[in-house]
Amino acid sequence: MAKKFLIFIITFFLAQTLNGTEIYGVPKIIDGDTVHINTKKIRLEGIDSPEIKQRCKKPFLKISAIIGFEFNKNYSCGEIAKKKLIDKINKSKIKCITSSKDRYKRFLATCYLDKINLNKWMVRTGNAVAYIRYSKDYVRDEIYAKENKLGVWQGSFIMPEKWRKLN
């Protein structure tokens, strides 16, 4: 009994040290939802951004509302999402508050640039979607981006999770 209790206590304290751990520094941006700070790999929790090689479509020419015809062009939405995050952070230090690790051993975290929640910002600007399979935190921000046709919502795209399965 004492052995089981000791294992429980050790497991409890190990879990507590991971939850809420702050990782602070200038990140290397990997893509729209992954950053590295020093040797720590961090996945922005609750969001899913287009993959680097993912392409989306957006209208570039509409022929009258009566005919209702438009031309679309492909663009590198994954590269754009990464660039938007790079430009937003602009080589500044960010703070990421971890909650756990994923199956790839990345820290799952909410990251902040000063007081700006970067996870929320990515979804609200349409450069990521709310990853509702894991969190409902950013659903309102996705609705805002969709209604305002921001980022990927200006045209058509395959949800990043589905795109990964197909590619």
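Residues are listed down the side, and each one gets a yes or a no for (1) farther than 29 Å from Y24 by Cβ; (2) among the basic types (K, R):
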{"residue": "R103", "(1), (2)": "no, yes"}
{"residue": "A109", "(1), (2)": "no, no"}
{"residue": "K120", "(1), (2)": "no, yes"}
{"residue": "V139", "(1), (2)": "no, no"}
{"residue": "E142", "(1), (2)": "no, no"}
{"residue": "K146", "(1), (2)": "yes, yes"}
{"residue": "S156", "(1), (2)": "yes, no"}
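Quick one: which of L18, L6, L44, L14 is at pLDDT below 95, within 24 Å of the chain's Cα centre (by Cα) and of a type in the set (A, V, I, L, M)? It would help to see each step written out before you state the result.
On the way: L6 fails: within 24 Å of the chain's Cα centre (by Cα); L44 fails: at pLDDT below 95; L14 fails: within 24 Å of the chain's Cα centre (by Cα).
After ruling out the rest, the residue left standing is L18.
Would you mention how many residues in the stretch 116-142 are farther than 23 Å from Y75 by Cβ and of a type in the set (A, V, I, L, M, F, W, C)?
3
Quick one: which of A145, A128 is under 27 Å from K58 (Cα atoms), without any contact (Cβ under 8 Å) to a residue 60 or more places away in the chain and of a type in the set (A, V, I, L, M)?
Among A145, A128, only A145 is under 27 Å from K58 (Cα atoms), without any contact (Cβ under 8 Å) to a residue 60 or more places away in the chain and of a type in the set (A, V, I, L, M).
Return yes when K53 is charged (D, E, K, R), modelled with pLDDT of 50 or more and exposed (fewer than 12 other Cβ atoms within 10 Å of the Cβ) and no when it is not.
yes
Could you please find all residues in the stretch 18-52 being of a type in the set (D, E) and over 11 Å from R106 (Cα atoms)?
Scanning the stretch 18-52 gives E22, D31, D33, D48, E51.
Sort through W121, W163 and tell me the only one that's in a helix (DSSP H, G or I) and either exposed (fewer than 13 other Cβ atoms within 10 Å of the Cβ) or in contact (Cβ under 8 Å) with a residue 40 or more places away in the chain (or both).
W163
The values are calculated or read from the model by the stated rules, or taken from the named source; none is laboratory data. In this text the structure is predicted, and so the values were computed from the model without any measurement. Here the Cβ is made from the backbone with ideal geometry for all residues, glycine too, and neighbour counts use every protein chain on show.
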